[in-house]
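Comments concern the structure below.
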Amino acid sequence: MLKKTILGFTLIELMVTVAVVAILAAVAFPSFQDYILRSRRTEGKTVLLQTQQLVERGYTDLNSYASAVASVVGASGVNSEHRYYQVTSTSATASTYALSSIPQGGQAKDKCKTLTITETGVKDIAPTASVNPTLTKTECW
């Protein structure tokens, strides 16, 4: 008999097992990466909402959103705890403002891209058209 075995397994059995494991890994790894990006997006939402609350508090003292945003966000922006997101002001006047939570580093691969919020509490996203043009804000928020 020409059947050679290694520890009780034939080479064909071993190769089939390796192929099955490779197929499972190819399916599971992208799903895992997407899950990680979605979980980190929570940090971006949190820092954006916390910054909005600080701006609103500053508005009650300074009576101007432009001054409140400048004192809270400043020129360099506000980083999230693990630096996955940075909050910046896209526009601020005496009566209006818009804040953006921009993904940083590896988080930039997130399909939702930039999360935004205004003084009226309107939440939105600002994805690039090449990433996912059919993406809705409810999927990200």
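Points to keep in mind about this one:
- Within region 72-93, residues that are buried (at least 18 other Cβ atoms within 10 Å of the Cβ) sit with their Cβ atoms under 6 Å from residues that are of a type in the set (Phe, Trp, Tyr) and not in a strand (DSSP E or B), at 6+ positions apart or across chains, in these pairs: Ala92/Tyr65.
- Region 109-137, subset modelled with pLDDT of 85 or more and farther than 21 Å from Val73 by Cα, residue surrounded by the fewest Cβ atoms within 10 Å (Cβ to Cβ): Lys109
- Candidate set: region 20-72, residues that are β-branched (Val, Ile, Thr) and within 21 Å of Gly121 (Cβ to Cβ); chosen: the one farthest from the chain's Cα centre (by Cα): Thr60
- Residue match in region 17-34 (condition: surrounded by 11 or more Cβ atoms within 10 Å (Cβ to Cβ), of a type outside the set (Gly, Ala, Ser) and over 26 Å from Leu115 (Cβ atoms)): yes
- Count of region 73-125 residues which are under 10 Å from the mean Cα position of the chain (by Cα), hydroxyl-bearing (Ser, Thr, Tyr) and either more than 21 Å from Leu135 (Cα to Cα) or in a loop (DSSP other than H, G, I, E, B) (or both): 1
- Residue match in region 55-75 (condition: of a type in the set (Gly, Ala, Ser) and more than 16 Å from Ser95 (Cα to Cα)): yes
The values are calculated or read from the model by the stated rules, or taken from the named source; none is laboratory data. This is a predicted model, so every value here is computed, not measured. All Cβ positions, even for glycine, are placed from backbone atoms using ideal geometry, and neighbour counts span all protein chains on display.
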